[in-house]
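Student: One structure, pasted below without further comment.
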Amino acid sequence: HADTAMYQAKALGRNNMQFFAPAMNRRARERRELQRELRKALAEKQLSLHFQPQVELATGKVLAAEVLLRWRHPRLGSVSPNRFIPVAEERRELMISIGDWVLEESCRQARAWLDAGYPPVRVSVNVSMVQLRGDSLVDHVADVLDRFRLPPNQLQLELTESVLMSDVAGAADRIRSLEKMGVRISVDDFGTGYSSLSYLKDLPVDELKIDQTFVHDLASDPDKAAIVNAIIRMGQSLNLRVIAEGVETSGLVDYLCANGCEYAQGFYFGKPVTAKRFEGRFLS
Ligand code: C2E
Ligand code: MG
Ligand code: MG
Ligand code: MG
């Protein structure tokens, strides 16, 4: 924390200020540079989408594709969304431009797959808190569905718990409008956010996505297995679909099937790939 760093620097003596302040300035400068580069990235087509299968365990069918944003910068190379999304979120209009672009390209792709005669595959798009806070998301979703003549149930939005819990005025109403439109709502990274679960009864959520930190070492960690089982039971009682994320081994698939989890996503089924590869591997 910046204040703490300053406090410690002061406590260490006046000269140390000169050591801490430049480090903070450098980080701020790096973030501003990334923001500048991201604005260019949109215009210069450095952004692209990858798709990862979401599978029904009982049938092995690919029902959906999570859309994951990729950025290849000419000098910096590939930059992870874990790094650039939080930086984009600091600039509201930047995150909204990027989010709008992702939504539009995702629906364009879903339409292209339908036109090519592939079985319907839902696109599952990550939505930032910044997008939900803005007042254009609902209209933008309606517009894009309309423009690509996409049935609304072919679009799913992944929101994290912090987004769903945020008491930002209007957030709940926006989620209800999206659900009324027929768009599905999934709770991403479920279990890592807030401890209050009351939003699950107040908001029209369709799906819980068990966070991969619980799924990964569930076999060796009984506490994580207990959490995963509790989430599966809760989903059953509340009539919510439950999908496990980060499934990497057949052992995990067996465990999830035996414990009543119906859907899964992870490297075991396939890594995120380009639309072309996704077609070849999962739709043909
Ligand atoms: P997320 O939405 O929870 O996405 C899941 C992440 O886990 C993805 O990382 C995916 O590649 C990775 N993953 C999937 N299966 C496995 C597995 O079996 N093992 C392991 N180790 N990892 C797996 P990725 O693509 O790097 O994305 C990271 C995060 O960046 C996403 O987490 C999401 O929060 C954010 N993100 C990505 N694309 C977008 C976007 O278009 N909009 C927004 N707002 N956020 C995005
Ligand atoms: Mg996600
Ligand atoms: Mg997740
Ligand atoms: Mg995540």
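Student: I need a count of the residues in the stretch 62-86 that are in a strand (DSSP E or B) and either at negative phi or in contact with a strand residue (DSSP E or B) (Cβ under 9 Å, 6 or more places away or on another chain) (or both).
Tutor: Number of matching residues: 14.
Student: Please work out if Ala225 is more than 16 Å from ligand 2 (Cβ to nearest atom), in contact with a Leu (Cβ under 6 Å, 6 or more places away or on another chain) and of a type in the set (Gly, Ala, Ser). Before you say what the answer is, go through the steps one by one.
Tutor: Working: more than 16 Å from ligand 2 (Cβ to nearest atom): yes; in contact with a Leu (Cβ under 6 Å, 6 or more places away or on another chain): yes; of a type in the set (Gly, Ala, Ser): yes.
Considered against the rule, which asks whether it is more than 16 Å from ligand 2 (Cβ to nearest atom), in contact with a Leu (Cβ under 6 Å, 6 or more places away or on another chain) and of a type in the set (Gly, Ala, Ser), Ala225 comes out as yes.
Student: Picking from Val228, Val215, Val247, Val253, which residue would you name as being β-branched (Val, Ile, Thr) and either part of a strand (DSSP E or B) or away from ligand 3 (no atom under 16 Å from the Cβ) (or both)?
Tutor: That would be Val253, the only listed residue that is β-branched (Val, Ile, Thr) and either part of a strand (DSSP E or B) or away from ligand 3 (no atom under 16 Å from the Cβ) (or both).
Student: Across the stretch 166-206, what is the number of residues that are over 20 Å from Val121 (Cα atoms), within 16 Å of ligand 1 (Cβ to nearest atom) and part of a helix (DSSP H, G or I)?
Tutor: Count: 3.
Student: Only one of these conditions is not met by Asp221: (1) open to solvent by 30 Å² or more (accessible area, probe 1.4 Å); (2) within 16 Å of ligand 3 (Cβ to nearest atom). Which number is it?
Tutor: Unmet for Asp221, out of (1) open to solvent by 30 Å² or more (accessible area, probe 1.4 Å); (2) within 16 Å of ligand 3 (Cβ to nearest atom): (2).
Student: Within the stretch 25-61, which residues are away from ligand 1 (no atom under 16 Å from the Cβ) and either touching a Phe, Trp or Tyr at 6+ places or on another chain (Cβ under 8 Å) or on the phi > 0 side of the Ramachandran plot (or both)?
Tutor: Listed by number, the residues that qualify are Glu56, Gly60.
Student: Picking from Gly260, Gly280, which residue would you name as being surrounded by fewer than 19 Cβ atoms within 10 Å (Cβ to Cβ), modelled with pLDDT of 95 or more, assigned to a loop (DSSP other than H, G, I, E, B) and out of contact with any strand residue (DSSP E or B) (no Cβ under 6 Å at 6 or more places or on another chain)?
Tutor: Sole residue among the options that is surrounded by fewer than 19 Cβ atoms within 10 Å (Cβ to Cβ), modelled with pLDDT of 95 or more, assigned to a loop (DSSP other than H, G, I, E, B) and out of contact with any strand residue (DSSP E or B) (no Cβ under 6 Å at 6 or more places or on another chain): Gly260.
Student: Hey, Phe148 hits all of (1) more than 16 Å from ligand 3 (Cβ to nearest atom); (2) surrounded by 22 or more Cβ atoms within 10 Å (Cβ to Cβ) but one; which does it fall short on?
Tutor: Exception for Phe148: condition (2).
Student: With (1) away from ligand 1 (no atom under 13 Å from the Cβ); (2) open to solvent by 30 Å² or more (accessible area, probe 1.4 Å); (3) over 23 Å from Gly246 (Cβ atoms) as the list, and Glu105 as the residue in question, which single condition is left unmet?
Tutor: (1)
Student: Same structure, new question: Would it be correct to say that Glu161 is of a type in the set (Asp, Glu) and within 16 Å of ligand 4 (Cβ to nearest atom)?
Tutor: yes
Student: OK, next. Pick from the stretch 229-254 the residues that are open to solvent by 60 Å² or more (accessible area, probe 1.4 Å) and away from ligand 1 (no atom under 14 Å from the Cβ): which of them is farthest from Tyr199 (Cα to Cα)?
Tutor: Within the stretch 229-254, the match that is farthest from Tyr199 (Cα to Cα) is Asp254.
Student: Moving on. For the subset of the stretch 40-94 comprising residues that are buried (at least 17 other Cβ atoms within 10 Å of the Cβ) and among the β-branched types (Val, Ile, Thr), which member is nearest to ligand 2 (Cβ to nearest atom)?
Tutor: For the stretch 40-94, the residue satisfying everything is Val67.
Student: Do the conditions hold for Ala142, that is, is it open to solvent by 10 Å² or more (accessible area, probe 1.4 Å) and either in contact with a helix residue (DSSP H, G or I) (Cβ under 9 Å, 6 or more places away or on another chain) or in a helix (DSSP H, G or I) (or both)? Break it down stepwise before answering.
Tutor: On the way: open to solvent by 10 Å² or more (accessible area, probe 1.4 Å): yes; either in contact with a helix residue (DSSP H, G or I) (Cβ under 9 Å, 6 or more places away or on another chain) or in a helix (DSSP H, G or I) (or both): yes.
So Ala142 fits the description; yes.
The values are calculated or read from the model by the stated rules, or taken from the named source; none is laboratory data. This one's a predicted model, so the numbers in the text were calculated from it and none came from an experiment. Backbone-built Cβ (ideal geometry, glycine too); neighbour counts: all protein chains shown. Surface accessibility is based on the protein's heavy atoms, side chains included, excluding ligands, DNA and RNA. Shrake-Rupley method; radii C 1.70, N 1.55, O 1.52, S 1.80 Å.
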